[in-house]
Structure formats: structure tokens, C-alpha cells
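Working notes, structure below.
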Amino acid sequence: MIPFPYDITLDKGTTKDIEFYVLGDDNDTPYYFNGTNATLTYTARMQVRRSYLSEETLVDLSTDPTTDQYVGDYMVFSEEEDGLIEIRISSFTTKTLPPGKHFYDIELEDENGVVCKLLKGRIEILGEITR
């Protein structure tokens, strides 16, 4: 699977919701993350960093419920729609992010340890006027 390049822009101090579908190689059949059609167990994760070389993560989200998440932030597999991943970066988190252009990616890992990158790109944080 080739990662889809997708740039994100968000305003500092606001909530950002991101939703996207993961489809199979035929670009038609959704991945089954939940329910009786799921043949594997998956975990998705997202990190935002200032640069590719930065050790510090600005945002670190995962569908793994044991991973520490920020107040009001989440990354989940939709219970209603097959193949849908829902992400929320809360205003609590975005107000702490430095304005500028940063980098992110989203990976999917199955229970066998096979990892594929789903999305990658830049995430631009715009400054806040109303505080």
C-alpha cells in the first residue's frame, strides 16, 4: 500500500476532526476493523513532529486504548462504517501546538506486526488571534 499524501491545515485553539476510509487494493472493498468480517486485529497510530528528525512528538494518537492520549483527543475505528478511521485533535491540544508547518503520518499495524503507512504529509498550524 502506497501512503496517500494529504496535507492538513488547522487553526490553533480549535478542534480538528479528520475522517478517512481505508480500502483494499481494489480501491473498493473497505478494511474490516470491527465485527464479524474482521479477519485480523489492527492498531492505527498518528504522530505529528516539527521535522522528520525531531525526537519530540507534538501529537501522539493511537487506536490502542492503553496508549496515553490527550484530553478530548482520540483515534478510533468507526463502529458504524467499515474501513473508517475517525480522529479528533481537541482545542486543548491545538492551543499548545506551535504555529508553523510540521510533519505527520498515520500507520496501520496488524496483529502479525505488518505495518503500512496510510497517510503522510504536512500539518500547518495557523496562529490564533482570539484567545
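Only the coordinates and a few stated rules stand behind these numbers; no lab work does. Just so you know, these numbers come straight off a predicted model, no measurement behind them. Here Cβ is always computed from backbone atoms with ideal geometry, including for glycine, and neighbour counts include all displayed protein chains.
For the stretch 1-21, a tally of residues being surrounded by 14 or more Cβ atoms within 10 Å (Cβ to Cβ) and more than 29 Å from GLY100 (Cβ to Cβ) returns 0.
All of LEU40, LEU97, LEU118 fail the test of being closer than 22 Å to TYR6 by Cβ, in contact (Cβ under 8 Å) with a residue 60 or more places away in the chain and in a loop (DSSP other than H, G, I, E, B), apart from LEU97. Selection of the stretch 118-131 for residues being exposed (fewer than 14 other Cβ atoms within 10 Å of the Cβ) and among the β-branched types (Val, Ile, Thr) yields ILE129, THR130. Criterion applied to MET75, MET46 was being within 17 Å of the chain's Cα centre (by Cα) and touching a residue at least 60 places away in the same chain (Cβ under 8 Å), and the one residue passing it is MET46.
Candidates in the stretch 11-26 are the residues that are of a type outside the set (Lys, Arg) and closer than 11 Å to PHE92 by Cα; of these, the one that is farthest from the chain's Cα centre (by Cα) is GLY13.
Hey, could you check the stretch 91-117 for residues that are closer than 28 Å to GLY35 by Cβ, under 14 Å from the mean Cα position of the chain (by Cα) and not acidic (Asp, Glu) and say which is surrounded by the most Cβ atoms within 10 Å (Cβ to Cβ)? Ranking the qualifying residues of the stretch 91-117, first place goes to ILE106.
Checked against the criteria, ARG88 counts as touching a residue at least 12 places away in the same chain (Cβ under 8 Å) and part of a strand (DSSP E or B).
Say whether the condition of being in contact (Cβ under 8 Å) with a residue 12 or more places away in the chain, assigned to a strand (DSSP E or B) and either within 16 Å of the chain's Cα centre (by Cα) or under 19 Å from ASP105 (Cα atoms) (or both) is met by at least one residue in the stretch 49-58. Yes, some residue in the stretch 49-58 is in contact (Cβ under 8 Å) with a residue 12 or more places away in the chain, assigned to a strand (DSSP E or B) and either within 16 Å of the chain's Cα centre (by Cα) or under 19 Å from ASP105 (Cα atoms) (or both).
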